[in-house]
Amino acid sequence: MKIAKRSSPRPIARGPQRDPMPGVTATEVDELRPFPWRELDSNQAKAVTQRLTVVLGSTQATSKQLRGLHAGSLMSLDQEVASPVAIYSGMRLVAYAEMVEESGELAFRVTRTVS
């Protein structure tokens, strides 16, 4: 009885590969993915740290405005000073907070969590 050898799979012919996020490293992309919390037991979950991003607001600027930026330039954001800020873990919105000062450092106090 003859056993036929399986040939190794051929790669699929594709066009040139484009970098989906130019200038962003694989590590940075991994930081954007949601963390698989459900795969951890409670002791493992206690040891995991996550980078939080606090979004104070945003604005739009023309290329001319960007080229004209210098020390002392002032640009307004789309948020009022007393508005809550958004707290993100990766790309997932996790809470809203108010900005406060704590022992001379900038801090935030959570006002609402997002499920």
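Here, each number is a calculation from the coordinates, and none is a lab measurement. Only a predicted model underlies this, so the values are computations on that prediction, with no experimental measurement involved. A quick note on method: Cβ atoms are made from the backbone with ideal geometry, for glycine too, and the neighbour counts reach across all protein chains shown.
Data overview
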quantity: Trypsin sites (Lys or Arg not before Pro) within the range 46-115: DSSP coil, no more than 16 neighbouring Cβ in 10 Å; calculated: R51
quantity: The range 72-115: relative contact order in percent, alpha carbon pairs under 8 Å with at least 6 residues between; calculated: 28 percent
quantity: Average projection area in nm² (convex hull over Cα atoms of the range 50-113, one quarter of hull surface); calculated: 6.0 nm²
quantity: Inter-label distance for S42 and M99, nm, one decimal - labels placed 7 Å from Cα along Cα-to-Cβ; calculated: 3.8 nm
